[in-house]
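Comments concern the structure below.
Since every read-out is calculated from the coordinates, none of them should be taken as a lab result. Keep in mind that what you see is a predicted model, and the values were worked out from it rather than measured. All Cβ positions, glycine included, derive from the backbone under ideal geometry; neighbour counts span all protein chains shown.
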C-alpha cells in the first residue's frame, strides 16, 4: 500500500512538472541606457521623423519628437512596440516589428528610471 501511494505521488509530480511551461528569465539590464544615444535615435527613426508622432503631425496627440513626449508616453510606447507581428496596433505603423534588442533597450530605459541623459 505504501508503495502504491509513493508511486502515485511520484507520477503526479512528474505529470505536473511536465505541464509547466519553461520560460526564460527576462534579460537583465546591464548597460545604462542613454536617452540621447539610444532612445532618441530610435524614436527619430521609427516614430517622429516618419511624420506620425512629430510636433506638427502628432497622431493621437502623441508627440514623440522630444524627451518630454517620450517620457510621458513611455509605457504606452512599450506596449505597442511589443505587440506581435500582424497585430493592427503594432507600431511603427506600416513597418515591421522592431528588433527584440531595440524593444529590450526601451524597456531597460524605463526600468532605469527614464533618465534624460
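Remarks
- Simple spin-label estimate for residue 62 and residue 112 in nanometres, 7 Å along Cα-Cβ: 2.3 nm
- Segment residue 32-residue 104, length gained on full extension (0.36 nm per residue, minus Cα span): 24.7 nm
- Cα-based shape type of region 33-117, given that a ≥ b ≥ c are square roots of the gyration tensor eigenvalues and the cut on a/c is 1.5: oblate
- Per-residue Cβ neighbour rank within 10 angstrom, fewest leading, 110, 39, 81: 110, 81, 39
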